[in-house]
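Below: one structure, written as structure tokens.
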């Protein structure tokens, strides 16, 4: 389950780590060393070395079943590694860490749901506490500050179910920013959004990481919307991986090696088109 070099050849003893182009010289806020994750008998990925530094944007790509979301779950402490080490700011991961903000996949919200936008953000402040929720002007001011940062204050008191997909994602980002995290984990935040809202969310995340030095690990099926931001790409497929700058990873030879079959990568007008990669691919080589 080794990494591959830019020409598609396996790299012995070097699982694909490439020095980051952004934020070099700053301490790593996330570090994986020799990391492996299995689900039953299936190896999702193995021998993964990765360091994420403040202000860096890493896009995580790969087909369904390759372990992209599972990687995020390992980072937040929901899934233990099968082998290797994972450190958050030098410490093992734990659930509920203030160092991590998590933006989940887009979920449909019923129109009659009484939860308002500000209520969802507030849950990020005190939703983990027992007893009655905290109140007062200080909490309301904090919630309003977060909603303002993501451009969602205008609909703070609207029920979530009445908001558009893009508006809901802004609110989820505000919730993820409650603890002023060092790392933002984004699990397909652009799914089901039109190009206009995709661009708005991408620009919002870019402003955040530049203004606060927040590191971003961004899981997506589509590199093009985040290509201008991505310092590096982590591509997972078939139990293998490749880490590097977009131009190093998104090549026909690299993806063909990862998938174990012919894949064509075409770059035109600053966009990538990938042809021949299976839509779903179970680690270990079997299509699902």
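The values are calculated or read from the model by the stated rules, or taken from the named source; none is laboratory data. The structure displayed is predicted, hence computed values, not measured ones. We place every Cβ from the backbone using ideal geometry, glycine too, and count neighbours over all the protein chains shown.
With the requirement that a residue be in a loop (DSSP other than H, G, I, E, B), in contact with a helix residue (DSSP H, G or I) (Cβ under 8 Å, 6 or more places away or on another chain) and more than 18 Å from residue 56 (Cα to Cα), what does the stretch 189-211 give you? 190, 192, 193, 194 - these are the residues of the stretch 189-211 that are in a loop (DSSP other than H, G, I, E, B), in contact with a helix residue (DSSP H, G or I) (Cβ under 8 Å, 6 or more places away or on another chain) and more than 18 Å from residue 56 (Cα to Cα). Please work out if residue 150 is crowded, with 18+ Cβ neighbours inside 10 Å, modelled with pLDDT of 90 or more, touching a helix residue (DSSP H, G or I) at 6+ places or on another chain (Cβ under 6 Å) and more than 23 Å from residue 75 (Cβ to Cβ). No, not satisfied. Inside the stretch 127-147, can you point out the residues that are at pLDDT below 85 and either over 23 Å from residue 95 (Cα atoms) or not in a loop (DSSP other than H, G, I, E, B) (or both)? Within the stretch 127-147, 135, 136, 137, 138, 139 qualify. Looking only at the stretch 213-227, decide whether some residue is outside any helix (DSSP H, G or I), under 24 Å from residue 143 (Cβ atoms), touching a helix residue (DSSP H, G or I) at 6+ places or on another chain (Cβ under 6 Å) and in contact (Cβ under 8 Å) with a residue 12 or more places away in the chain. Checking the stretch 213-227: at least one residue is outside any helix (DSSP H, G or I), under 24 Å from residue 143 (Cβ atoms), touching a helix residue (DSSP H, G or I) at 6+ places or on another chain (Cβ under 6 Å) and in contact (Cβ under 8 Å) with a residue 12 or more places away in the chain.
Considered as a group, the residues in the stretch 241-264 that are out of contact with any strand residue (DSSP E or B) (no Cβ under 7 Å at 6 or more places or on another chain) and either part of a loop (DSSP other than H, G, I, E, B) or touching a residue at least 24 places away in the same chain (Cβ under 8 Å) (or both) include one that is nearest to residue 32 (Cα to Cα), and that residue is 248. Might you let me know whether the stretch 107-122 holds any residue that is at pLDDT below 90, within 30 Å of residue 254 (Cβ to Cβ) and surrounded by 13 or more Cβ atoms within 10 Å (Cβ to Cβ)? No, because not a single residue in the stretch 107-122 is at pLDDT below 90, within 30 Å of residue 254 (Cβ to Cβ) and surrounded by 13 or more Cβ atoms within 10 Å (Cβ to Cβ). If you go through the stretch 84-97 and pick out every residue that is at negative phi and either touching a helix residue (DSSP H, G or I) at 6+ places or on another chain (Cβ under 8 Å) or at pLDDT 90 or above (or both), you end up with 7. Residue 113 passes every criterion in (1) outside any strand (DSSP E or B); (2) under 26 Å from residue 210 (Cα atoms) apart from (2). All of 81, 37 fail the test of being in contact with a helix residue (DSSP H, G or I) (Cβ under 8 Å, 6 or more places away or on another chain), modelled with pLDDT of 85 or more and either farther than 16 Å from residue 241 by Cα or outside any strand (DSSP E or B) (or both), apart from 81.
Scanning the stretch 79-91 for residues being surrounded by 12 or more Cβ atoms within 10 Å (Cβ to Cβ), closer than 23 Å to residue 180 by Cβ and without any contact (Cβ under 8 Å) to a residue 60 or more places away in the chain gives a total of 2.
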